[in-house]
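Chemist: Below are the C-alpha cells for one structure; questions will follow.
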Amino acid sequence: MSLSLPPLGAQSRSAPRKSGIDLAGLDTTCKPCDDFWRFANGLWVDRNPIPASQSGWGTMSVVSEGNRERLRALLEEAAAGNRENPAGSREKKMGDLYAACMDTEGVEKLGLKPLARDLAAIEKISDAASLLATLAAFQKSSPFGPVYIFARQDAKNAAATVAAVAPVGISLPERDYYFRSDEKTKAIRAEFLVHVAKMLTLAGAAPEEAAAQAQAILAFETRLAEPRLTNVQRRDPNATYHPVGLAGTIELMPSFDWKAAFADLKIPASTQVIVAEPAYLKAVEKEFTATPLATWKTWMRWKTIASAAPYLAKAFVDENFRFQSTVLTGVKEQQPRWKRCTTLVDQTLGDALGEAFVRKHFPPAAKTQMNDLVENLRATLREQLEASPWMDAETKKNAIEKLNAFRAKIGYPDRWKDYAAVKVDRGDLFGSLESASEFARMENLAKIGKPLDRNEWGMTAPTVNAYYSPLRNEIGFPAGILQPPMFDMDADEAANYGAIGAVIGHEMGHGFDDQGSKFASSGDLRNWWTPEDRKKFEARAECVINQFNTLEVGDGLRHNGRLVVGEALGDLGGLKLAYRAYKRSLGGKEAPVIDGYTGDQRFFLAFARVWATQLRPEAQRLRLATDPHPLGRFRAIGTLQNMPEFHKAFQCKAGDAMVRPPERQCELW
C-alpha cells in the first residue's frame, strides 16, 4: 500500500517559522567537538538501520523514498486510467510502460526471446569482416563496446556540439578492479567469473563451457582495461580531450568501419571528432587480430545478456542482482518490483513523469524562494572573490565574470521533452524499452552540429540531487531535492542555508574546483588564471588532498585525496559561502534562539544532517575505489574541521577532534 504523503511545500507560509532541526535524532551524549557528525545524527542513525534492499541509508535516501512513493501514485493512476488517457499522450505512455514493467508474468513467458535478434546477429559472425560490421551496426541499438560514439560539447568551443568516442566494454566497476591484488578485489574477480558463467548457462551454454568462456571474458576485459586512464587521471579534462576528426579516429583504430557507423548514426563525416583515450583505441585495434573470433563472439553475447538482464525473466534478474548488488554493495534483498519500475519510467520517460510530479508536488512559491537563496549566495560569492587576499586583479576579474555567467536552473525545464516518437506497448516491455532507447540515442546524436540547447537538464525533475556543468557553466537543482529536510519553506533561514544553501554553495564551488577552475565563463576549457594565482590555488587544493588522504575511515581504509578533491573543495567552499550568505540574509540582526540552539548552531546542525548516511562495508569499499565524493560522515567532519565559525559556535578548542591545527586548516577563498 502506498504511503499517504502531502504535496511538497504544502505547508502554509503564514505558519510560525520552525527550527528545521531533528532534535530527536541528536546524540547529546557525544560532545559536538569530538564527533559532530555523531552529535548531529547519532540517534537517527541508530534508529534507522540500513534496509535489507539498500546498500546505504541516510537523509537523501529518505527523501528519495518519499519521492518514489509519490511517483508510484502518479504511475498507478496513469496505468489505471489507460482507457481514459488519449492514445499517444504522455500519461498513457508512462502508465503503459509502468504496467508493462509490472507484468512479471508476461516478462517471464518471453525468457530470452527479447534478445533473439541481437544474439542471432552475433551467431552469424564468421570472420573478421563480419565481426567489425556487427560491432559497427550495434552502435545504434546496443552500444555496449568496445567504444561508444555520442554527442558532446567541444570542451574548447563549448557552444559547438561534436561527435565523441569514449572507451566502454569492461564489466567490473572501474579499471583497477582488474589489477588490484588485495584479497577483497581478488574475491570480487572470482565472483565475477561465477556470475558470468551463471548468466551464460541461463542463456543455454553447458556449465563447463560457460566456465571456460567466463575465464576468456575476464582475460579479454583485463586487456581492454589495461590502457584505460585511472579515475584520478580522468579528472584532468585535458587528458580526455583529443580532437582528431574522423580521419584521425580511423588512424587510431583503422579496422573498425567508422564511416559505416557514422552513416548509420546520421553523423556527418565532416564533423569534429574528439577521442577521449587514444591509447585505448590503439589497444582495441590490436585485439581485433590478437583475440580469437570465438572470444569476441562470447564477449558480445555476454555484454548483450548483461545489459538486458534487469528487464528479462526472473532467473536473469536474480543473478544480475546477486553480483551487482549483493557482491559489490552488500545488499541483502531486491527492492520491490514497483520501486524498480518507477525508477525505470523515470530513466526512460523522465520529462513525462517529471511534468506530472512538478504539477502536483512543486509549488511556484518554492521556486521563488529557492531562486532568492541562489541569488543571495551568488552575491555573497562575488563579495568573497572581490575581497580575496591571494588573487590578483586579473584573476578576480575572470572569476567574477564566470560567476556572473552562471545559469541557475531550479525545479524543472522551461520546456518538456516530446516523446511522440517513442512507441510504448503495454504488452511488450522490452520492445517499449528498445523504442525509448533508440529515441534517446538518436536524439543525442542529432545534436551534433547544432546550437547548444540551453533548455536541457542533466537530471530529471524528481531526482534527489543537484549538479554543476562546467561546459554549460550552469547549476541545476531538481524539484526532487527541494523538500524537507533539504529545503523547507516554513523553516527558519538557518536550516535552509545550512542544508540546501550548502548544496547551492557546493555546486557553485564546482565552478572553481580542481576541474571546474579550468573552464572559463563561456564553458570553454581555457586557463583564465595568472601563473602565480594558479600555483596558489593548487596549494590550497593540496591542503584538502592531504587532509582526506589522512582521515581515518576504519578497517585500514582511506579516501584517495586526489579522487575526492573536487567534491571536498565543493563542500568546503560551499559551506563557507552558505554561512556567509546566511549571515548576510540576517541584515545585521541577531538570529533567534529556537529549540535551544542559536542560529549558527542550527546552521551547522542542518548541514551535518544532510550527511546522516551509513553504508554497508561492501558499498563503502566500492565508493572509496570509484566515487569522487567522500563518504557522507567525512563530508561533515572533514569540512567542519576547517571552519573557525563552527568551532566558535560550539566552543571547540585546539586539540579537539573537530579542530584541525590552525596551520593545517584548509581554505579556498
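The values are calculated or read from the model by the stated rules, or taken from the named source; none is laboratory data. As the structure is a prediction and not an experimental result, all values here were calculated from the model. Glycine also receives a Cβ, built like all others from the backbone with ideal geometry; neighbour counts cover every protein chain displayed. Please note that ligands, DNA and RNA were not included when accessible areas were found on the heavy atoms of the full protein model with its side chains. Shrake-Rupley method; radii C 1.70, N 1.55, O 1.52, S 1.80 Å.
Chemist: Ranked highest first by the average count of other Cβ atoms within 10 Å around their residues, in what order do 470-483, 152-165 fall?
Modeler: 470-483, 152-165
Chemist: Let me ask another. Calculate, for Lys396 and Tyr241, the FRET efficiency according to 1/(1 + (r/R0)^6) with r their C-beta to C-beta distance and R0 35 Å; round to the nearest 0.05.
Modeler: FRET efficiency, Lys396 to Tyr241: 0.85.
Chemist: If you don't mind, there's one more thing I want to ask. Normalised by the number of residues in the stretch 180-234, what is the relative contact order in percent for Cα pairs under 8 Å and 6+ residues apart?
Modeler: 27 percent
Chemist: Once you place label points 7 Å from the Cα toward the Cβ at Glu663 and Ala160, how far apart are they in nm?
Modeler: Reported label-point gap for Glu663 and Ala160 is 5.1 nm.
Chemist: When ligands, DNA and RNA are left out and all protein chains stay put, how many square angstrom of accessible area per residue does the stretch 340-413 have with a 1.4 Å probe?
Modeler: Normalised by residue count, the accessible surface of the stretch 340-413 is 38 Å².
Chemist: Let me ask something else. Which order do the peptides 192-203, 281-292 come out in when sorted by mean C-beta neighbours inside 10 angstrom, highest first?
Modeler: Put in order of decreasing packing, that is 192-203, 281-292.
Chemist: Calculate log10 I(q)/I(0) of the chain for q = 0.06 Å⁻¹, where I(q) comes from the Debye formula with a single equal point scatterer on each Cα and nothing for solvent.
Modeler: Relative scattering, expressed as log10 I(q)/I(0), comes to -0.36.
Chemist: Moving on to the next point. Compute the acute angle (0 to 90°) between the alpha-carbon long axis of helix 183-202 and the principal axis of greatest extent of the alpha-carbon atoms of the chain; round to the nearest 10°.
Modeler: 40 degrees
Chemist: Next question, about the same structure. With an 8 Å Cα cut-off and a minimum separation of 6 or more residues, compute the relative contact order for the stretch 111-244 in percent.
Modeler: Relative contact order for the stretch 111-244 comes out at 17 percent.
Chemist: Angle check, please: helix 207-225 long axis (alpha carbons) against the longest principal axis of the chain (alpha carbons), in degrees 0 to 90, nearest 10.
Modeler: Roughly 60 degrees, rounded to the nearest 10.
Chemist: Would you be so kind as to identify which of Gln665, Ala155, Thr598 lies farthest towards the positive end of the dipole of the chain, taking Lys and Arg as +1 and Asp and Glu as -1 on Cβ and the Cα centre as origin?
Modeler: Farthest towards the positive end: Ala155.
Chemist: Still on this structure, please answer the following. Can you compute the radius of gyration and Dmax for the stretch 77-171, using only the Cα atoms, both in Å?
Modeler: Considering the stretch 77-171 through its Cα atoms, Rg and Dmax are 19.6, 53 Å.
Chemist: Fully extended, how many nm does the chain gain between Ala379 and Leu557 (0.36 nm per residue separation, minus their Cα-Cα distance)?
Modeler: Gain on stretching Ala379 to Leu557: 60.1 nm.
Chemist: Would you list Arg441, Arg234 from the most to the least accessible area, probe 1.4 Å?
Modeler: Reading off the accessible areas and sorting them downward yields Arg234, Arg441.
Chemist: Express in nm, to one decimal, how much length is gained between Lys648 and Asp595 on full extension, taking 0.36 nm for each residue of separation and deducting their alpha carbon distance.
Modeler: In short, 17.2 nm is gained.
Chemist: List every residue whose amide H lies under 5 Å from the amide H of Lys156, counting only residues 5 or more places away in sequence or on a different chain, with H placed 1.01 Å from N in the peptide plane.
Modeler: Residues meeting the criterion, in which the H sits 1.01 Å from N, are Leu525.
Chemist: Considering only protein heavy atoms, what per residue accessible area in square angstrom results for the stretch 505-621 with a 1.4 angstrom probe?
Modeler: 37 Å²
Chemist: I've got another one for you. Would you please give the residues with an amide H less than 5 Å from that of Phe519, counting only those at least 5 places away or on a separate chain, with H modeled from the backbone geometry?
Modeler: Those qualifying (amide H under 5 Å, at least 5 residues apart or on another chain) are Arg526.
Chemist: How large is ³J(HN,Hα), in whole Hz, for each residue of the stretch 110-119 in order, when computed from phi with the Karplus curve 6.51 cos²θ - 1.76 cosθ + 1.60 and θ = phi - 60°, using x for Gly and Pro?
Modeler: Along the stretch 110-119, the couplings run 6, x, 9, 4, x, 9, 4, 4, 5, 5 Hz.
Chemist: Ok, one more. Dividing the alpha-carbon Rg of the stretch 22-150 by 2.2 N^0.38 Å yields what?
Modeler: So the Cα radius of gyration is 1.76 times the expected 2.2 N^0.38 Å.
Chemist: Using a 4.7 Å cut-off between beta carbons, which cysteines in the chain end up with no partner cysteine at all?
Modeler: Flagged as lacking a Cys partner: Cys30.
Chemist: State the antiparallel share, in %, of DSSP beta bridges confined to the chain, rounding to the nearest 5.
Modeler: 70 percent
Chemist: Which links in Lys367/Lys576; Lys314/Lys423; Lys396/Lys589; Lys92/Lys423 stretch past 22 Å when you go from one Cα to the other?
Modeler: Lys367/Lys576; Lys314/Lys423; Lys396/Lys589
Chemist: Next up: Extent of the stretch 265-422 along each principal axis, from alpha carbon coordinates, in Å, largest to smallest?
Modeler: That gives 64, 46, 40 Å along the principal axes, largest extent first.
Chemist: While we're on this one: Pop a pseudo-label 7 angstrom from the Cα along the beta-carbon direction at both Glu108 and Gln233 and give the gap in nm to one decimal.
Modeler: 4.8 nm
Chemist: Whole-Hz Karplus ³J(HN,Hα) for the stretch 640-645, in order, using 6.51 cos²θ - 1.76 cosθ + 1.60 and θ = phi - 60°, x for Gly and Pro?
Modeler: Per-residue couplings from phi come out as 5, 4, 9, 10, x, 5 Hz.
Chemist: Assuming 0.36 nm per residue, please report the length gained on full extension of the stretch Asp453 to Ser126 beyond their Cα-Cα distance.
Modeler: Working it through step by step, the gained length comes to 113.4 nm.
Chemist: Further question on the same structure: Nearest 10 degrees is fine. How inclined is helix 59-80 to the longest principal axis of the chain, computing both from alpha carbons?
Modeler: The two axes meet at around 50 degrees.
Chemist: Let me ask something else about it. Just order 127-133, 216-222 by mean Cβ neighbour count inside 10 Å, highest at the front, would you?
Modeler: Listed from highest to lowest mean packing, they are 216-222, 127-133.
Chemist: Which value, in nm² and rounded to one decimal, describes the direction-averaged projected area of the C-alpha convex hull of the stretch 295-377?
Modeler: That works out to 9.6 nm².
Chemist: Okay, moving on. Put His629, His361 in order of accessible area, largest first, 1.4 Å probe: what do you get?
Modeler: His629, His361
Chemist: Can you give me the relative contact order of the chain as a percent, contacts being Cα pairs under 8 Å and 6 or more apart?
Modeler: The normalised contact order for the chain reaches 22 percent.
Chemist: Is the C-alpha gyration tensor of the stretch 485-634 telling us rounded, prolate or oblate? Criteria: a/c under 1.5 is rounded; beyond that, a/b larger than b/c is prolate, otherwise oblate.
Modeler: Here the stretch 485-634 falls in the oblate category.
Chemist: Tell me, what ³J(HN,Hα) does each residue in the stretch 651-661 have, in order and in whole Hz, if you take phi through Karplus 6.51 cos²θ - 1.76 cosθ + 1.60 with θ = phi - 60° and put x for Gly and Pro?
Modeler: For the stretch 651-661, the Karplus-derived couplings read 6, 7, 10, 3, x, 5, 4, 8, 10, 6, x Hz, x marking Gly and Pro.
Chemist: Shifting gears a bit: Return the long-range amide H neighbours of Val275 (sequence gap of 5 or more, or a different chain), with a cut-off of under 5 Å between placed amide H atoms.
Modeler: Correct list: Val165, His242, Val244.
Chemist: Now a separate question. About the Cα centre, and with charges only on the beta carbon of Lys, Arg (+1) and Asp, Glu (-1), how big is the dipole of the chain? Nearest 20 debye, please.
Modeler: I would put it at about 400 debye.
Chemist: Something else about it: Taking all pairs of distinct Cα atoms, average 1/r, flip it, and tell me the Kirkwood hydrodynamic radius of the stretch 34-93 in Å to one decimal place.
Modeler: It is 14.6 Å.
Chemist: Roll a 1.4 angstrom probe over the protein heavy atoms and tell me the percent of accessible area of the chain that is carbon or sulfur.
Modeler: 53 percent
Chemist: Rounded, prolate or oblate for the stretch 345-496? Axes are the square roots of the Cα gyration tensor eigenvalues, ordered a ≥ b ≥ c, and the cut-off for rounded is a/c under 1.5.
Modeler: Verdict is oblate for the stretch 345-496.
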